[in-house]
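> Dropping a structure here in structure tokens format, bear with me for questions.
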Amino acid sequence: MKPVIVREIPRSPKDEERIRELLKYSVATIAESQEKLGLLGPSIKPIQPGLKAAGTAITVRCADGDNLMLHAAVEIAKPGDVIVMTTISGTANGVFGELLATSFKARGISAFITDSGVRDVARLREMKYPVWSKYITAVGTSKNRPGWINVPITIEGVIVKPGDFILADDDGVVVVQREEIDEVLARAKEREARENEVRKRLLNGELTLDIYNFRKIIAELGIKYVNRIDEIK
């Protein structure tokens, strides 16, 4: 596909409400609610703990070592969007720093996620701007090579389409396909209710072995209990 900038992504009047609902849950809960799918690899980490973000995806694919398309994406993004960026074959360059973060924040962009690098990390932390990246590096970029905005991209083995929903927290990043968001949110609500009941039982002293019937699994696996190690034959 030739380099292109697509101005519009799928949107709905319900998206703001969906994003608010998404923020009620953890990345782990959302991932479990869609059969563990959509999780970016564990190498994508927050640059600081305690921040959480959600929004609709603006996708960016830059040339290696270049971030020109990232600058162009700021104009395309709407408040509440999350910019998700990758490169053609992978780069560790610092594609994002304090100045772009200042622009992102001013434009209401909720977060930045990349499998490349970021820099000016001390300032980003002071700003408390939500960033998830693979690398931290001072190495800069060129700004003169073509790329793509709002086409499907693959990041850490996960396909991200423009308009998909993104949730990121201390545990990482999960992608929810736009056409599945309502069903996933319903499952997350049910899962949260079940976990609240389990939490009450744990606080009353019950064991997960009994709550989840793990004793039966241990028996079926042929694992025996002994009182002392010298009883093992």
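The values are calculated or read from the model by the stated rules, or taken from the named source; none is laboratory data. Everything quoted here is computed from the prediction, not taken from an experiment. Glycine also receives a Cβ, built like all others from the backbone with ideal geometry; neighbour counts cover every protein chain displayed. Quick note on the areas: whole protein, heavy atoms, side chains included, nothing else; ligands and nucleic acids left out. Shrake-Rupley method; radii C 1.70, N 1.55, O 1.52, S 1.80 Å.
> Given the pairs LYS24/LYS45; LYS36/LYS161; LYS52/LYS134; LYS14/LYS200, which span a C-alpha to C-alpha distance of over 29 angstrom in this model?
Over 29 Å Cα-Cα: LYS14/LYS200.
> Take every Cα pair under 8 Å in the stretch 38-112 that's 6+ residues apart, average their separations, divide by the length, and report that relative contact order as a whole percent.
Contact order relative to length: 35 percent.
> At a probe size of 1.4 Å, how large is the accessible area of TYR135, to the nearest 10 Å²?
Number for this one is 90 Å².
> Sorted by average packing, counted as other Cβ atoms within 10 angstrom per residue and highest first, what order do 96-104, 54-62 take?
My ranking of the peptides, most packed first, is 54-62, 96-104.
> Also, I was wondering about something else. Between GLN48 and GLU195, what is 0.36 nm times their sequence separation minus the Cα-Cα distance? Round to one decimal in nm.
Extra length available between GLN48 and GLU195 comes to 50.2 nm.
> Rounded to whole Hz and in sequence order, give me ³J(HN,Hα) for the stretch 113-123 from the Karplus expression 6.51 cos²θ - 1.76 cosθ + 1.60, θ = phi - 60°, writing x for Gly and Pro.
In residue order, the calculated couplings are 10, 8, 9, 9, x, 9, 9, 6, 5, 4, 5 Hz.
> Another question about this same structure. Return the sequence-ordered ³J(HN,Hα) values of the stretch 127-140 in whole Hz as given by the Karplus equation 6.51 cos²θ - 1.76 cosθ + 1.60 applied to θ = phi - 60°, using x for Gly and Pro.
6, 6, 8, x, 9, 10, 8, 8, 10, 10, 7, 7, 5, x
> Right, something else. Measure off, as a whole percent, the carbon and sulfur share of the 1.4 Å-probe accessible area of the stretch 98-232, all protein chains present.
53
> Amide H neighbours of VAL173 under 5 Å, at least 5 residues apart or on other chains, H built in the peptide plane: list them.
LEU40
> If you don't mind, another one. Sum up the charges of everything whose Cβ sits under 11 Å from the Cβ of TRP148, counting Lys and Arg as +1 and Asp and Glu as -1, but leave TRP148 out.
That sum, taken over residues with Cβ under 11 Å, equals +2.
> In addition: Output ³J(HN,Hα) for the stretch 208-218: one whole-Hz value per residue in order, computed from phi by the Karplus curve 6.51 cos²θ - 1.76 cosθ + 1.60 with θ = phi - 60°, and x for Gly and Pro.
For the stretch 208-218, the Karplus-derived couplings read 4, 4, 8, 4, 9, 6, 6, 4, 4, 5, 4 Hz, x marking Gly and Pro.
> In whole percent, what relative contact order does the chain give with Cα contacts below 8 Å and a gap of six or more residues?
With pairs under 8 Å counted, the relative contact order is 27 percent.
> How large is the accessible surface per residue of the stretch 53-130, computed with a 1.4 Å probe and reported in Å² as a whole number?
33
> Turning to a different aspect of this structure: With the other protein chains left in place, how much accessible area per residue, in square angstrom, belongs to the stretch 162-220 at a 1.4 angstrom probe?
With all protein chains present, the stretch 162-220 gives 62 Å² per residue.
> Run the dipole for the stretch 118-233 about the Cα centre, Lys and Arg Cβ at +1, Asp and Glu Cβ at -1, nothing else charged, and hand back the magnitude in debye, nearest 20.
Here the size comes out at about 380 debye.
> Which of the peptides 161-169, 37-45 is most tightly packed, and how do the rest follow, judged by the mean count of other Cβ atoms within 10 Å per residue?
My ranking of the peptides, most packed first, is 161-169, 37-45.
> Stretch LYS24-GLU231 to full length: gain in nm at 0.36 nm per residue minus the Cα-Cα span?
Stretched fully, the LYS24-GLU231 segment lengthens by 69.5 nm.
> Report the extension gain between ARG123 and ALA186 in nm, rounded to one decimal, defined as 0.36 nm multiplied by the number of residues separating them, less their alpha carbon distance.
Taking ARG123 through ALA186 to full extension adds about 18.9 nm, to one decimal.
> Which listed residue (LEU203, PRO49, GLY80) has the Cα farthest towards the positive end of the charge dipole for the chain, taking +1 on Lys and Arg C-beta and -1 on Asp and Glu C-beta about the Cα centre?
Farthest towards the positive end: PRO49.
> To continue, here is another question. Picking from SER116, SER89, SER26, which is most flexible by a Gaussian network model of the chain using Cα springs under 10 Å?
Maximum fluctuation in the GNM of the chain, among the listed residues, is at SER89.
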